[in-house]
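The values are calculated or read from the model by the stated rules, or taken from the named source; none is laboratory data. Since we're looking at a predicted model, the values are computed, not measured. Here Cβ is always computed from backbone atoms with ideal geometry, including for glycine, and neighbour counts include all displayed protein chains. Note: areas computed on protein heavy atoms with side chains; ligands, DNA, RNA excluded. Shrake-Rupley method; radii C 1.70, N 1.55, O 1.52, S 1.80 Å.
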Amino acid sequence: ATRLLKVEVYSVKVACKVASRFAHTVITSSALNKANSSQEVFFEVDLPKTAFITNFSMEIQGQTYTGEVKEKEKAKKQYEKAVSTGQTAGLVKASGRKMEKFSVSVNIAANSNVTFILTYEELLQRKLGQYEIMTRVKPKQLVQHFEIVADIYEPQGIAFLDAYGTFISNELLPLVEKTVTDKKAHISFCPTMDQQRKCPGCDGTLIDGDFLIKYDVNRAETLGDIQIVNGYFVHFFAPPDLPRVPKNVVFVIDRSGSMAGNKMHQTREAMLTILNDLHEDDYFGIVTFDHVISTWKGSLTKATTENVSEAKGFVQTIQQSGCESYVSNGNRSVSMIILLTDGMPNSGVSSTPQIQKNVHDAMGGNMSLFCLGFGNDVDYSFLDVMSRQNQGLARRIYEGSDATVQLQGFYKEVASPLLSEVDLHYPDNLVNSLTNSHYKQLFNGSEIVVAGRLTDNSLDNFLVEVFAKGEDFIVKGQASAQEWDILYPEQEYIFGDFTERLWAYLTIQQLLSLKETGTAEEKGNATAQALEMSLQYSFVTPLTSMVVTKPKTEEEQEEPLIADKLTEGMRPSGMGGERGRQPVHLALDGDPHFMIELPEQEDALCFNIDDRPGTIFNLVRDQLAGILVNGQTIGDKKVAPDGKVNAYFGRFGIVHQGLGVRLEVTTHDITVSQDGKQAKLLWSDTASLKGANLDLQVTKDRSLTVTLRDSVRFVVILHKVWKQHPYHQDYLGFYTLDSHLLSPSVHGLLGQFYHGVQFEVRDMRPGEEPEKPDATMLVKGQELTVTRGWQRDFRWDVKNGENVPCWFIHSNGNGLIDGNHTDYIMSGLFKTV
């Protein structure tokens, strides 16, 4: 979009500096408004959810505007007016599974420059034996100066390092430069404009995706590595070569109606792999539940080949429907429960605090609880708090074709406990303000990190002891300070206060956790302390806001922007989708106006189909998922005086073969057929129909929401026209809400766009109407002349709709749709030919 507005982004620089796992990233972007009038210039950055923004500034015409971190509540009150006008909303929003998006826009005068600088910090977590630095880059245009540079310093020495990009082809691979010496690594990626091009001579950029650096450090010392710098210390503990500890694990699986279909299939697939990975000295059990609880066997069972094979047979039979207690075995073992659910409590006790208390009392601190929240409707905050109250953790499992892989990946993280009840001791009289120094367990491939403040700044050595259960593990050693500036005078990127900032980051993260899980008193103290530290160290956390005052322009007053930190509870549902992509929204409404909204490209395409009323078109067809949507057009009561023949959609036929469901929607009523039974719903009533596989909700004379279990959710909108209107009559609109579970082979006039469409727009020029410019679009290997216009989207506002700007493709969508529009004409409302 920026390219069309004559805004040239001429420089994008990502500089990442890592000292002992603490990463400090600065993203700088400079743009020039080439137009001869002022323009809105946008700056967007995706950053990891685990990071805290620490600084943001804009340089405009020689002046710098710097953000200030303030208490969230105060910032809100101070700028209530700005908030109420919607000026400050949505500076930070969710973006896929691991990232959140920071975005800001500012009005820039003609032929002027702007430079945006964003800084964020995070402690890299070790998972499955490696650290990961992920940078998402989407410049959306060719950039004169583009560079990603990372400098890593690890005193323990770098064991391995890998750097690559999801968008990097074999041609670009040699441009990723890596220099790794014993303790240092330098990585850079600086493609020229020509190297960024999608094809010779075209304006499209290849740079679109994630740049990843993965590495691990050497681990010779059982005690781990201790850094003392400027009065703060940090201790990294992940001893090498420890034997795994046998585990007692109970898998608790939700089999309620909403788990039907694909979710249950993916859960079964994952469980079969997980059972295969059990060691013979592990003990395990399986519990399934809906409103009743069933157990596979009454006690924990040793994971012998025969027992695992029998358990697999049981897993294959777990069906959704529309306990005995397990006793831990042995003494030197780790006990855990892994709960998988997709919903909210709706049977028996439904008060979440009461459930959390019941679970905590029942577990008695003897075992850990790991919760996997499956899909978009899960009450994730509830599971997250409950896990942490029981020394475990929660993970979201996103609906998508890779859900099985996500489940297996999570299990791998907790599959191999090495130590339990790990206590890290430091001298009380020498060390204070310690971060958490007791851990329920240490898993293979992870790492325990403890940081603290020294009572005496000149202190340069002290005794460290680590105790743990498991072969009576005890290790002791001396921690001694290194003179960093003497050892590495040339290393500018070793930011001297990194141990202090790492300590602050870790302390705030743990206080925020206590704010959710502690007693009322603990919650209050944790909140106050986390807020104080967030302000002191300038971190944007859930308690603070980054406030940026934008410069005044002639049209508008000085207007503040507020950036907040997202929490899991704030993330919108429907997030994530397959591979973390934002779902494409498809619509048809009005005089058949087909619309494809593409959030990834922040743009939309639209086209018209002109054919005689009464024609039936195939809109969506997915043979693998067994889904069919056809629509029939209707005309006006009679031709209007201007001679224009209008056509609208007046009937839809919807079939889900697997679920045996057939729906016919007209402007009068909705007919549902399933397993030979039939029901009719009228538009004149507000009604709902809930079945195991189908959920229909009618809002009187407005809309019908259809949810087909584990496949799609869409809305049909009824447009009512004045009964005495001489020409027009009632008609229908069709909108998809959630579609990422359709297979890649989905097709149809709308269906072919479910998985997005790549296009590029260039050469914008005046069109027939002044406010609707023409342009050339490159799509599916063709050049089309397109016109900028807008379309009404009635999905959120049924009465008035909202205008969505889109590129209009002429001649019945020719060149954009596969084949010709006549190829999609069907012989009947439920026919496929």
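Going by accessible area, probe 1.4 Å, with all protein chains left in place, what is the ranking of 684, 545, largest first? Intermediate values should be presented prior to the final figure.
On the way: 684 60, 545 0 Å².
So the residues, ranked largest to smallest area, are 684, 545.
What share of the DSSP beta bridges in region 203-310 is antiparallel, in percent to the nearest 5? Spell out each step's value before the answer.
Details: 10 of 17 bridges.
In region 203-310, DSSP labels about 60 percent of beta bridges as antiparallel.
Pull out a ≥ b ≥ c, the square roots of the eigenvalues of the alpha-carbon gyration tensor of region 161-318, then state rounded if a/c is under 1.5, prolate if not and a/b is larger than b/c, and oblate in the remaining case.
Details: a/c = 3.11, a/b = 1.53, b/c = 2.03.
Since a/c reaches 1.5 but b/c is at least a/b, the shape of region 161-318 is classed as oblate.
Just check region 247-415 against the gyration tensor rule for me: Cα atoms, a ≥ b ≥ c as the square roots of the eigenvalues, rounded for a/c under 1.5, and otherwise prolate or oblate depending on whether a/b exceeds b/c. Mind dumping the intermediate values first?
Working: a/c = 1.42, a/b = 1.11, b/c = 1.29.
It is rounded, given that a/c, with a ≥ b ≥ c, falls under 1.5.
Heavy-atom accessible area of residue 291 with all protein chains present, probe 1.4 Å, nearest 10 Å²?
Accessible surface of residue 291 is approximately 130 Å².
Tell me, what % of the accessible area of the chain is carbon and sulfur with a 1.4 angstrom probe? Working shown, then result.
Numbers: 17670 of 36550 Å².
The C+S portion of the solvent-accessible surface of the chain is 48 percent.
Can you run the Rg to Rh ratio on region 593-826? Use alpha carbon positions and the Kirkwood inverse-distance Rh.
Reported Rg/Rh, Kirkwood definition of Rh: 0.97.
So what's the gap between the Cα centers of region 744-772 and region 695-722, to the nearest angstrom?
Each part reduced to its Cα centre gives a spacing of 26 Å.
How large is the convex hull of the C-alpha atoms of the chain per residue, in Å³?
Numbers: hull volume 161.3 nm³, N = 833.
It comes to 194 Å³ per residue, whole-number rounded.
Counting DSSP beta bridges with both partners in region 593-826, what percentage is antiparallel, nearest 5?
Values: 85 of 89 bridges.
Just about 95 percent of them are antiparallel.
Can you tell me which of 19-28, 518-527, 777-786 comes out highest on packing, and rank the rest after it, using the mean Cβ neighbours within 10 Å?
On the way: 19-28: 20.6, 518-527: 13.2, 777-786: 15.8.
Descending packing order for the listed peptides: 19-28, 777-786, 518-527.
Across region 17-34, in residue order, what do the Karplus-derived ³J(HN,Hα) couplings come to in whole Hz, using 6.51 cos²θ - 1.76 cosθ + 1.60 with θ = phi - 60° and x for Gly and Pro?
10, 10, 10, 6, 6, 8, 9, 10, 10, 10, 10, 10, 9, 10, 9, 10, 8, 8
For 735, 232, give me the order by solvent-accessible area with a 1.4 Å probe, most accessible first, ignoring ligands, DNA and RNA. Before the final figure, lay out each step's value.
Details: 735 0, 232 25 Å².
My answer, sorted largest first, is 232, 735.
Summing -39500 (n - 2.57) over the DSSP H runs of n ≥ 4 in the chain and dividing by its residue number, what mean residue ellipticity at 222 nm do you reach, to the nearest 500 deg cm²/dmol? Working shown, then result.
On the way: 12 runs with 122 residues, N = 833.
Mean residue ellipticity at 222 nm (helix-derived): -4500 deg cm²/dmol.
Taking a 26 Å limit on the Cα-Cα distance, which of the listed pairs 127/183; 34/72; 214/476; 49/214; 6/644 fall beyond it? Intermediate results must be reported in sequence, preceding the final value.
Working: 127/183 21 Å; 34/72 37 Å; 214/476 31 Å; 49/214 18 Å; 6/644 38 Å.
Where the Cα-Cα span goes over 26 Å, the pairs concerned are 34/72; 214/476; 6/644.
At 1.4 Å probe size, put 662, 795 in order of accessible surface, largest to smallest.
Details: 662 110, 795 25 Å².
Largest accessible area first, the residues go 662, 795.
Suppose all protein chains stay in the model; what accessible area per residue would a 1.4 Å probe give for the chain, in Å²?
Numbers: 36550 Å² over 833 residues.
For the chain, the per-residue accessible area is 44 Å².
Tell me whether region 718-833 comes out rounded, prolate or oblate; compute the Cα gyration tensor, take square roots of the eigenvalues as a ≥ b ≥ c, and use a/c under 1.5 as the rounded threshold.
Details: a/c = 1.68, a/b = 1.13, b/c = 1.49.
Taking the square roots of the gyration eigenvalues as a ≥ b ≥ c, region 718-833 is oblate.
Going Cα to Cα from residue 312, which lysines come in below 20 Å? Please leave out same-chain ones fewer than 8 positions away.
Reachable lysines: 247, 263, 297, 302, 412.
Can you pull the accessible area of residue 438 for me, 1.4 Å probe, Å² to the nearest 10?
70
With every protein chain left in place, what is the accessible area of residue 699 in Å² (1.4 Å probe, nearest 10)?
We get 70 Å² for residue 699.
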